[in-house]
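So the structure is just underneath, and the comments pick up after that.
The values are calculated or read from the model by the stated rules, or taken from the named source; none is laboratory data. Quick caveat, the model's predicted, so the values are computed rather than measured. Neighbour counts are summed over all protein chains in view; Cβ atoms, including those assigned to glycine, are modelled from backbone coordinates with ideal geometry. Quick note on the areas: whole protein, heavy atoms, side chains included, nothing else; ligands and nucleic acids left out. Shrake-Rupley method; radii C 1.70, N 1.55, O 1.52, S 1.80 Å.
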Amino acid sequence: MRILLVEDDDRIAGDVARALDAAGYVVARAKNGEDAWFLGDTEDFTAIVLDLGLPGMDGLAVLKRWRGSGRATPVLVLTARGSWSERVEGIDAGADDYLAKPFQMEELLARLRSIIRRSAGHASSVATIGELALDERAMKVTLGGAPVELSPLEYRLVAYLMLRRGKVVSQQELLENVYGQDEQSSNAIEVLIARVRRKLGTKWIETRRGFGYLMPERVA
């Protein structure tokens, strides 16, 4: 899952990026408002972590432009501004949640998982399809109650498809959200899908020729 991190402070950005990477996300970063607006308006992200105090165009202006152009990507706002009126302004501008600095990294990750789940129409941090379960918080996958050992790439693939269960996901989208880039060879996703199928079984990931892959909402 690709996350756009918009933060001009290198220390904070480094800490957040490392935490996001450890939590299984693919991170892209912008340091100023203009770059943030362009990336958020031209590329697809699972969610955006947006600081308000940016050089150039501030975060609130960036958020308003995204929402004005119809971009519905969930946004978690970070700010050192503490007044309730500024928080209300950010939420009214289209923020999905708000986190004041300084913050605990565990809270940032929890809030991020929450807005991603809500945007996908899911309520629980544990996603299930029959006997297959994915615990986002623990970053664990179980099948029939037994843990499934997955590599980081395999986990990202399963997590992304489960978040979008019932929807066809293109190979290009998987390349961007699992590998963080689209320069991989054309069969990289096919190889990864085959590895996951060997561990889970073939029924959990369907191939839609010419369109992509689908994790069904229910399995017989």
Inset, instruction - Would you give the gap between the C-alpha center of the stretch 138-198 and the C-alpha center of the stretch 54-104, rounded to a whole Å? - result: 31 Å
Legend entry - For the stretch 91-100, 3J(HN,Hα) per residue [Karplus equation, 6.51 cos²θ - 1.76 cosθ + 1.60, θ = phi - 60°, Hz, x = Gly/Pro]: 5, 5, 6, x, 5, 8, 7, 9, 9, 7
Legend entry - Modelled label reach - E190, point 7 Å along Cα→Cβ, the stretch 145-174 residues with backbone N closer than 15 Å: 171-172
Legend entry - Helix-only CD estimate at 222 nm, as mean residue ellipticity for the chain, using -39500 (n - 2.57) per DSSP H run (n ≥ 4): -12000 deg cm²/dmol
Legend entry - Net dipole in debye of the chain [+1 Lys, Arg Cβ; -1 Asp, Glu Cβ; about Cα centre; nearest 20]: 940 debye
Inset, instruction - Scan the stretch 40-96 for GluC sites (Glu not before Pro) in coil per DSSP, keeping those whose Cβ has at most 14 other Cβ atoms within 10 Å, and list them by number. - result: E43
Legend entry - Charge dipole of the chain about the Cα centre (unit charges at C-beta), most positive-ward option of P102, A188, P74: A188
Legend entry - Which listed pairs, of K64/K203; K167/K199; K101/K167, have C-alpha distances above 32 Å, in listed order: K64/K203; K101/K167
Inset, instruction - Take the Cα gyration tensor of the chain, multiply each eigenvalue by 5, square-root it, and list the three semi-axes largest first, rounded to whole angstrom. - result: 32, 18, 16
Legend entry - Degrees, to the nearest 10: 152-163 long Cα axis against longest axis of the chain: 80 degrees
Inset, instruction - Under 15 Å from a label point 7 Å along Cα→Cβ of E131: give me every residue in the stretch 145-170 with its amide N that close. - result: 145-148
Legend entry - Where labels lie 7 Å past Cα in the beta-carbon direction, separation of T207 and A61 in nm: 5.0 nm
Legend entry - Accessible-area value, K140, 1.4 Å probe, nucleic acids and ligands omitted, Å²: 130 Å²
Legend entry - 1.4 Å probe accessible area per residue over the chain, in Å²: 48 Å²
Inset, instruction - Measure off, as a whole percent, the carbon and sulfur share of the 1.4 Å-probe accessible area of the chain, all protein chains present. - result: 49 percent
Legend entry - Choice from G180, G24, G201 showing the highest fluctuation, given a GNM over the chain with Cα pairs closer than 10 Å: G201
Inset, instruction - Give, as a single signed number, the net charge of other residues whose beta carbon lies under 9 Å from the beta carbon of I115, with Lys and Arg counted +1 and Asp and Glu -1. - result: +2
Inset, instruction - Please identify, among V178, V126, V77, the residue showing maximal mean-square fluctuation in a Gaussian network model of the chain using a 10 angstrom Cα cutoff. - result: V126
Inset, instruction - Could you order F103, F38, F211 by accessible surface area, starting with the largest, using a probe radius of 1.4 Å? - result: F211, F38, F103
Inset, instruction - Have a look at I205, S151, Y179 and report the one farthest towards the positive end of the charge dipole of the chain, computed about the Cα centre with Cβ charges (Lys/Arg +1, Asp/Glu -1). - result: I205
Legend entry - Helix axis angle, 10-22 relative to the chain longest principal axis, alpha carbon, degrees: 20 degrees
Inset, instruction - Please give the helix 33-42 orientation as an angle from the longest Cα principal axis of the chain, in degrees from 0 to 90, rounded to the nearest 10. - result: 30 degrees
